[in-house]
Amino acid sequence: MILRVLPSTLTSDTVWAPPSKSVMQRVIALATLADGRTMISRPSESDDCTHALMMAAQLGADIELGEDAVAIHGTFPLKPRETSLTPGESGLGLRLFGVLSALHDGPLTLERAGSLLQRDVSGLAEALDAFGVKVQHTAPGEHPTVHGPIRGAHVSLDAAGSSQVLTGLLCALAHASGDSLLNLHGVVSRPYVQMTLEVLEDMGIEVDVVEEDADERQLLLRVAGGQRAKAMDVAIDGDWSGAAFLMALGVLCAPHHLNVEGLHSTYTQADEAIKGALLFGGCRLAGTDEGVQVMAGKPKSFQVDLTDSPDLFPPLAALAAFAKKPSSLRGLHRLGNKESNRGRVIQSEWAKAGIRVDLDETTDTMVVHPGPVQSARLSSHGDHRMAMAAALLGAAGAPIEIEGAEAVAKSYPSFFDDLESLGVQIQTVAG
């Protein structure tokens, strides 16, 4: 699908952030194992969460879908209904449920799809091997097979690549036989780890933070085995990752301000760092009862470290195109193993719109040189966040056509509908 986004001034001053797929996937994973019925209200309808529900059912949980809620009846030990799990294109789903599948004592295949087929899953295999689990066929284009059972152990793990495998380990090891002590080094995305710990605690799982050195990115965790998650009722928080695009839109296109609601921050979210980034860029924000209000205005240049929140690169790279001077975004190395290589894609696609982007691997930075934005056709490269970022260039700059605009369904299916409700002009382009 090709959509054309035209320069627009917003006609509405309020929008709800989409539900957080990161929170919901963690709740689904634990609810799969939990004793009792977990009721999820304001569920995310993203593709990633749809696949998470499917994998929960494939592992043996019973799922009830309502109009505004989802009920999950957990089971443990797992009773897989199939020999395969289908994470779709969800990286978190692959790693989280891939680890959970190791609680079963037989082989389960993870049938990857789309861009996920080319993403590196060697970290999953290496981490599971430390707990006695074998993973076969991890090369690009192949479907890995996980053969449990997973058992507790005292291990030292490199956590520099992603926090997603760690999230799966914390959920699974609490239900495994034997206690575990995880000595983690190079820890990235610490806020995502904190989110996992908070959801675990709310669902009755104890994980002890024995020691932490934030400067050295060291973390020592103790997980007692033989625990069992408890069901709960939960309303899914608004997603700061999706809200970041809405907030940038408000800065660039609102006549005065935009209220982004539903951001209650019940759980830690890495991309709440968008508030600090906008403040560094000279943007004005105010808290509200339901979320945050952003004031319209031209951003200054900004320098921010996104090592722990790499999903903020696309919205901030779009915002930086309209700044007064070049902006520097640090954490470039985190962008290679996403739905696309976001660093290179931002550089190549922004160039089509007349925006120069420099990538410096030596300093781990992306530098975005401001516009003016030129009319162009950009490709999403099948990446939901690239499609949303391209829309910002169109709404605030010049007409931008977006190939593969449907990619937003992965995390924010109603993104373009929400933009239209705010007054952004969007046209469908014949293929």
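The values are calculated or read from the model by the stated rules, or taken from the named source; none is laboratory data. Small disclaimer: the values here were computed from a predicted structure and weren't measured. Glycine also receives a Cβ, built like all others from the backbone with ideal geometry; neighbour counts cover every protein chain displayed.
Laid out as a table, the results:
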{"quantity": "Residue within region 120-133 that is closer than 29 Å to HIS384 by Cα, touching a residue at least 40 places away in the same chain (Cβ under 8 Å) and not in a helix (DSSP H, G or I) present", "calculated": "yes"}
{"quantity": "PHE280 vs. criteria in contact with a strand residue (DSSP E or B) (Cβ under 7 Å, 6 or more places away or on another chain), surrounded by 20 or more Cβ atoms within 10 Å (Cβ to Cβ) and modelled with pLDDT under 95", "calculated": "no"}
{"quantity": "Unique match (being on the phi > 0 side of the Ramachandran plot and of a type in the set (S, T, N, Q)) among SER265, SER328, SER301, SER375", "calculated": "SER265"}
{"quantity": "Test: residue in region 103-118 that is free of Cβ contacts under 8 Å to residues at least 24 places away in the same chain and under 22 Å from GLY225 (Cα atoms)", "calculated": "no"}
{"quantity": "Residue identified as more than 30 Å from ALA69 (Cα to Cα), loosely packed, with under 15 Cβ neighbours inside 10 Å and β-branched (Val, Ile, Thr) among VAL210, VAL155", "calculated": "VAL210"}
{"quantity": "Residue match in region 137-148 (condition: surrounded by fewer than 24 Cβ atoms within 10 Å (Cβ to Cβ), more than 24 Å from the chain's Cα centre (by Cα) and on the phi > 0 side of the Ramachandran plot)", "calculated": "yes"}
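Okay, residues lined up against (1) small (Gly, Ala, Ser); (2) under 17 Å from the mean Cα position of the chain (by Cα); (3) modelled with pLDDT of 95 or more:
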{"site": "SER309", "(1), (2), (3)": "yes, yes, no"}
{"site": "PHE313", "(1), (2), (3)": "no, yes, yes"}
{"site": "LEU319", "(1), (2), (3)": "no, no, yes"}
{"site": "SER340", "(1), (2), (3)": "yes, yes, no"}
{"site": "GLN347", "(1), (2), (3)": "no, no, yes"}
{"site": "VAL357", "(1), (2), (3)": "no, no, yes"}
{"site": "VAL367", "(1), (2), (3)": "no, no, yes"}
